[in-house]
Amino acid sequence: MSRILTGIQSTGTPHLGNILGAIAPSIEMANNPDNTSFLFIADMHSLTQIKDGKELRMNTYKTAAAWLAFGLNIEKTIFYRQSDVPQVAELSWYLNCFFPYQRLTLAHGFKDKSERLEDVNCGLFTYPLLMAADILLYDAELVPVGKDQLQHLEMARDIATRFNHKMGKTLVPPKAVITEETMLIPGTDGVKMSKSKNNFLDIFLPEKQLRKQVMKIQTDSTPVASPKNTENCNLFKLYKVVASEKQVSEMAKKYSEGNYGYGEAKQALFELLIHKYQPQRALFDHYLANLDEIDKALLIGAEKARKIANSCLQRVREKIGY
């Protein structure tokens, strides 16, 4: 049996890349009776970017609604809001005291902004240690991560190893689980889909707004009548990650034969998204209209999470002398 943990920041409604790369695979693993899963909303991490309480709260609800809409079973998983488990902040402080400053300066999130230190808050600098606390607090063995988060997972392993070496065996060093989908979901511009790049597809938007996003997908200038290259076409790559093998084959044939425009292909992608995710779109809207159902689900998970967190914290406290 494996103990699996994953989380997603509440920086906005999860986009298609989040769903295919994190939410859907995590729910599939959680449904495996051989696994114990912790799935959480990292609203404390989001504070490094968002300083508006109303926005952060609503983003958390939207994130939770997406998880629930895609079939998360709160009976099989421990589903919670990070801020509902204050033990994570306590463990994060302990880890800060056992991790070298110089190692944190190498974190990608900090290095990307290190030339403009006025944009760096302390939370961003110590972000990897809060993430490590998220993981180590529950003795998580496997952590699904994207390639961009792999360094932070390695830091979590490093701090667990350092602490164990100095204080005795206490923390469980986690292992990363990386799927190909996590690394290859392209955005509307061909670069990895990301909220920060504003190149994402939000499948929960009203139809007109979603269609507008799809129509902005960048393509080349190949004439309608000419055959088109599927390998280099960002639009085709996006269609491929959501379509069935038969649908992909049919689209590829149209590309190769010509007389098939990118506008038609975009419309096909839009219609596929609406049809494929119709049940999830309806459930998402239901949960946002009934926020009390989301709160109830998250509080049930938080109560379970706190009990397990206390067990880890007790071990750590004893080792450091409290």
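The values are calculated or read from the model by the stated rules, or taken from the named source; none is laboratory data. Predicted, not measured: the structure shown is a model, and the values here were computed from it. Note that we place each Cβ from the backbone using ideal geometry, even for glycine, and neighbour counts take in every protein chain shown.
Just a few scattered comments:
- Residue that is farthest from the chain's Cα centre (by Cα), among those in the range 8-41 that are small (Gly, Ala, Ser), at pLDDT below 85 and closer than 13 Å to GLY146 by Cα: SER26
- The listed residues are LEU91, LEU72, LEU95, and the only one of them that is surrounded by 18 or more Cβ atoms within 10 Å (Cβ to Cβ), under 13 Å from ALA297 (Cβ atoms) and not hydroxyl-bearing (Ser, Thr, Tyr) turns out to be LEU72.
- TYR138 under 20 Å from the mean Cα position of the chain (by Cα), within 27 Å of LEU39 (Cβ to Cβ) and among the hydroxyl-bearing types (Ser, Thr, Tyr): yes
- The residue pairs whose first member lies in the range 23-34 and is free of Cβ contacts under 8 Å to residues at least 40 places away in the same chain and assigned by TED's automatic domain parsing to the domain that holds ILE74, whose second member is among the aliphatic types (A, V, I, L, M) and surrounded by fewer than 19 Cβ atoms within 10 Å (Cβ to Cβ), and whose beta carbons are closer than 6 Å, counting only pairs six or more residues apart or on different chains, are ASP34/MET1.
- Scanning the range 204-261 for residues that are aliphatic (A, V, I, L, M), out of contact with any Ser or Thr (no Cβ under 6 Å at 6 or more places or on another chain) and surrounded by 11 or more Cβ atoms within 10 Å (Cβ to Cβ) turns up LEU205, LEU210, VAL214, MET215, VAL224, LEU238, VAL241, VAL242, ALA243, VAL248, MET251.
- Test result for ALA252, touching a Leu at 6+ places or on another chain (Cβ under 6 Å), within 17 Å of SER226 (Cα to Cα) and free of Cβ contacts under 8 Å to residues at least 60 places away in the same chain: no
- Cβ-Cβ under 7 Å pairs, at least 6 apart or on other chains, the range 85-112 side in the same structural domain as LEU299 (by TED's automatic domain parsing) and within 12 Å of GLN151 (Cα to Cα), far side of a type in the set (S, T, N, Q) and at pLDDT 85 or above: LEU104/THR126; ALA107/GLN151; HIS108/GLN151
- Scanning the range 40-62 for residues that are touching a helix residue (DSSP H, G or I) at 6+ places or on another chain (Cβ under 6 Å) and not in a helix (DSSP H, G or I) yields PHE40, ILE41, ALA42, THR48, ILE50.
- Filter result for SER83 (part of a helix (DSSP H, G or I), in contact with a helix residue (DSSP H, G or I) (Cβ under 9 Å, 6 or more places away or on another chain), surrounded by 15 or more Cβ atoms within 10 Å (Cβ to Cβ) and of a type in the set (Ser, Thr, Tyr)): yes
- Scope the range 252-301; condition farther than 29 Å from LEU68 by Cβ and not in a helix (DSSP H, G or I); matching residues: GLY258, ASN259, TYR260, GLY261
- Residue among ASP158, ASP189 that is charged (D, E, K, R), surrounded by 14 or more Cβ atoms within 10 Å (Cβ to Cβ) and within 30 Å of LYS216 (Cα to Cα): ASP189
- The one condition in (1) part of a loop (DSSP other than H, G, I, E, B); (2) over 17 Å from PHE284 (Cα atoms) that ILE74 fails to fulfil: (2)
- Condition met for LYS212 (at pLDDT 95 or above, in the same structural domain as GLU264 (by TED's automatic domain parsing) and not in a loop (DSSP other than H, G, I, E, B)): yes
- Residue pairs whose Cβ atoms lie under 6 Å apart, separated by 6 or more positions or on different chains, with the first residue in the range 298-312 and closer than 12 Å to ARG81 by Cα and the second among the charged types (D, E, K, R) and part of a helix (DSSP H, G or I), are ALA302/ASP84.
- Residue match in the range 240-251 (condition: part of a helix (DSSP H, G or I), among the small types (Gly, Ala, Ser) and not assigned by TED's automatic domain parsing to the domain that holds TYR61): yes
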